[in-house]
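Have a look at the structure below before the remarks.
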Amino acid sequence: MLIKAENISVIRGKKDILKNINLEIDNDDFITIIGPNGAGKSMLLKCLMGFFKPDKGKIVRSPELKVSYAPQDFVPEKSIPISAYDFIKLNKKVSELEIKKISIEFNIEALLNKQISHLSGGELQKVLIVRSLVENPNLLILDEPTQNLDVSGQLSFYKFLNDIFNERKLSILMVSHDLHMVMSSTKKVICLSSHICCSGEPLAITQDPEFISLFGQDFAEMMSVYKHDLDHKHEGHSHA
Amino acid sequence: MLESYILNALFAGICVAMIGGGLGCFVVWKKMAYFGDSLSHSSLLGIALGIALGINTTIGTFLVCSVFAAFLVYLQNKKIFSNDTLLGILAHSSLSIGIVSISLLNKRVNLDSYLFGDILTVTTEEVAWFFIATLLVMAALYLIWNKLVLMTIDENIAKSERINTNVVQTVFLTLLIIFVATCVKIVGILLITSMLIIPAATAKQISSSPLQMGVSSSIIGIISIILGLYSSVLFDTPTGPTIIVMLVILFIIIFPLSKLKNT
């Protein structure tokens, strides 16, 4: 166990932002949280990281836990002159050699000398993720990482994320709406709407009545088709 | 041979430029220009307080600016008005209350010197104080630099890396207040913001890292202090505004260089 939320609730005014959430993240987990706007997804991440203390319940952290976080909507202020290299190194105990090595590993070495304000959305996300990997975290928390990317950017980002998950022994907890794109890699989906509506394997989730009532029949069917599609592709590969 | 009052002025000005350079970068990055402006407006009330209580006006300014900043942060968190509106209300009300209080005190006060600064009247003792303040502010800014830069880029990333953002932000605001309290004498209330914004904005054009921008900004500040002092003596013009004119000239000269750098 890396981190565990035990029956946590967050109340603002008279509204329950989060209600009785139980969640456990283990080594080698890949969990995706989905849910409508205002479902408390970001709040849940922030509680787990300790930005806010839940009003009820508690967060249990393993002593080995090393969290790294990539925020939602990351658009750096244009007036700050800072290269990708300096940004990766900022406030981190990491040598030049390590940064070079990890940049080559994730194929961003060409970006290191560029100003982060000049990077495209996709490049910026990669730099952000590489920065969060430099001190070898065992849990990577991502809040809607592909919000500012176009479809091809999203595809390449999720491929990038998959490589990270496969090559580095770490767990990933991600808020994302792109369920169709993470279907193949994510192990568990949690559907959040203040409380946990349903959770489980991606395919099972799309058939859950709670999921269908939250996102609608059409969306659920589209998801299943996607999953089906991906399976076929996969078979094709294995025959070849 | 330079007169001692010129040397004092030069030395005090260099101190202000050094602090203003680093702090000004954050004011530009955090889009706090109006905040800095409001803080300097409130300093007039501090001067009134200093005169009324018979204490050092720098200390009076520091106290009032601190209360002003704390009050402002409190109201910002309440989110009743937008930041912009709040600053507008507080800046001009404190400036007006300051001027009214000074006139009620019935003492001969040269308002002009506080509005536009009077660097040529800086005493050797004050220079010593400026020097100590500069050392303290520079040391504190050095200690929080990386954390504050990261916070400015993204507050949530900073929090996730266990930076106590409230502490760092409070230290930064305190340094800004110290700057305003010391700077009032040099360039005057109306021109403090330019001392924060213009050197930083100029440095931005030629810098590729946060630290480089901080250092260049201080150097640009120092150059304009030297040129401004020299010209004000030469042409017999008010010193504070002359320094700002020099800042603007440097900004205009350096501006085209940024175009070259981006291509």
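When chain B is treated as a Gaussian network with alpha carbon springs shorter than 10 Å, the biggest mean-square fluctuation among B:A12, B:A203, B:A70 belongs to B:A70. Spacing of the modelled spin labels on A:L65 and B:V73, each 7 Å from Cα toward Cβ, amounts to 2.8 nm. Could you check how much of the accessible area of region B:1-143 is carbon and sulfur, as a whole percent, using a 1.4 Å probe? Solvent-exposed carbon and sulfur of region B:1-143 make up 69 percent of the total.
Would you work out what percent of the accessible area of region B:208-262, with all protein chains in place, is carbon or sulfur (probe 1.4 Å)?
Working: 2300 of 2920 Å².
Exposed carbon and sulfur together represent 79 percent of the surface.
In the protein assembly as shown, helical runs assigned H by DSSP with n ≥ 4 each contribute -39500 (n - 2.57); averaged across all residues and rounded to the nearest 500, the mean residue ellipticity at 222 nm is -20500 deg cm²/dmol. Summed over both chains, the area buried between A and B is near 2000 Å², taken from the accessible surface of protein heavy atoms with a 1.4 Å probe. Excluding ligands, DNA and RNA, the accessible surface per residue across region A:1-121 is 49 Å² with a 1.4 Å probe.
Rounded to the nearest 0.05, the FRET efficiency derived from the C-beta distance between B:E125 and A:F219 at R0 = 60 Å is 0.20. Put the Cα centre of region B:173-196 next to the Cα centre of region B:48-100 and the gap is 14 Å. Extension gain, A:K56 to A:K169: 0.36 nm times the residue separation minus the Cα-Cα distance gives 37.5 nm. The mean count of C-beta atoms from other chains within 10 Å of the C-beta of residues in A:79-92, rounded to a whole number, is 6. Using a Gaussian network model on chain B with a 10 Å cutoff between Cα atoms, which of B:V168, B:V27, B:V64 fluctuates the most? Maximum fluctuation in the GNM of chain B, among the listed residues, is at B:V168.
When you look at the Cβ of every residue in B:148-156, what mean number of other chain Cβ atoms sits within 10 Å? It would help to have the intermediate numbers written out before the result.
Details: counts 1, 6, 4, 1, 5, 8, 9, 2, 12.
If you average over the peptide's residues, the count of other-chain Cβ atoms is 5.
With the cut-off at 26 Å, tell me which of the pairs A:K4/B:K30; A:K14/A:K41; A:K92/A:K188 have Cα atoms farther apart than that. Before the final figure, lay out each step's value.
On the way: A:K4/B:K30 36 Å; A:K14/A:K41 18 Å; A:K92/A:K188 31 Å.
Checking Cα-Cα distances, A:K4/B:K30; A:K92/A:K188 exceed 26 Å.
With protein chains left intact and a 1.4 Å probe, residues in region B:4-258 average 44 Å² of accessible area per residue.
The values are calculated or read from the model by the stated rules, or taken from the named source; none is laboratory data. Since the model is a prediction, treat every value here as computed from it, not as a measurement. Virtual Cβ from ideal backbone geometry, glycine too; neighbours counted across all protein chains shown. Areas reflect the complete protein model, heavy atoms only, side chains present, ligands, DNA and RNA absent. Shrake-Rupley method; radii C 1.70, N 1.55, O 1.52, S 1.80 Å.
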